[in-house]
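A short write-up of the structure that comes next.
Just so you know, all these numbers are worked out from the coordinates, no wet-lab data involved. For clarity, every value in this text was computed on a predicted model and none was experimentally measured. Reconstructed Cβ throughout: ideal geometry from the backbone, glycine too, with neighbour counts over all protein chains shown.
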Amino acid sequence: MKKVLSSFKYAWNGIYYVFKTQRNFRIQLSVFLITLVVGYIFQIKSFEWLIVIFVSSLVLSLEIINTSIENLVDLMVDNFHPYAEKAKDAAAGAVLLSSILAVIIGLIIFCPYLIAKL
């Protein structure tokens with residue numbers, strides 16, 4: 001049981017590290033929290049909640065993975081190397097792509113509620 005609790009501690013330490021050091025993670029987390037409030041106000045359907053939570057957790061998780069890859073590359077490479085740059089760019093690209101798709105999905109879910117309120 002102690003090992004299980006330790007693994008949770010290490011995981012929370014990682015999330016906390018990313019939160020403290022990565023501005024984009026804090027922005028993405030803020031957007032997620034605003035989305036939760038807007039979803040509550042609009043009383044979105046259960047299935048829509050599942051989608052919102054899934055795509056938001058995907059973006060946040062990819063940002064954590066991106067930070068891990070960037071730190072690992074920085075640890076392994078002292079000088080500029082084109083492969084290091086490509087690895088970091090690809091990881092950042094995954095975050096960007098998931099963020100764009102999350103915005104599109106958010107628009108698909110929330111626009112009908114916005115239009116109905118107008």
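Counting only C-alpha contacts under 8 Å and six or more residues apart, can you give the relative contact order of the chain as a whole percent?
Answer for the chain is 28 percent.
What is the distance in Å between the Cα centroid of the stretch 1-26 and that of the stretch 40-118?
18
Only sites in a loop by DSSP and with at most 10 other Cβ atoms within 10 Å count here; which chymotrypsin sites (Phe, Trp or Tyr not before Pro) in the stretch 47-107 make the cut?
Phe80
Express in nm, to one decimal, how much length is gained between Met1 and Glu70 on full extension, taking 0.36 nm for each residue of separation and deducting their alpha carbon distance.
Result for the pair: 21.6 nm of gain on full extension.
If R0 is 22 Å, what FRET efficiency do you get for Asn24 and Cys111 from their C-beta distance, rounded to 0.05?
In this case the efficiency is close to 0.30.
Largest first and to the nearest Å, give the Cα extent of the chain along each principal axis.
Principal extents (Cα only, largest first): 56, 42, 21 Å.
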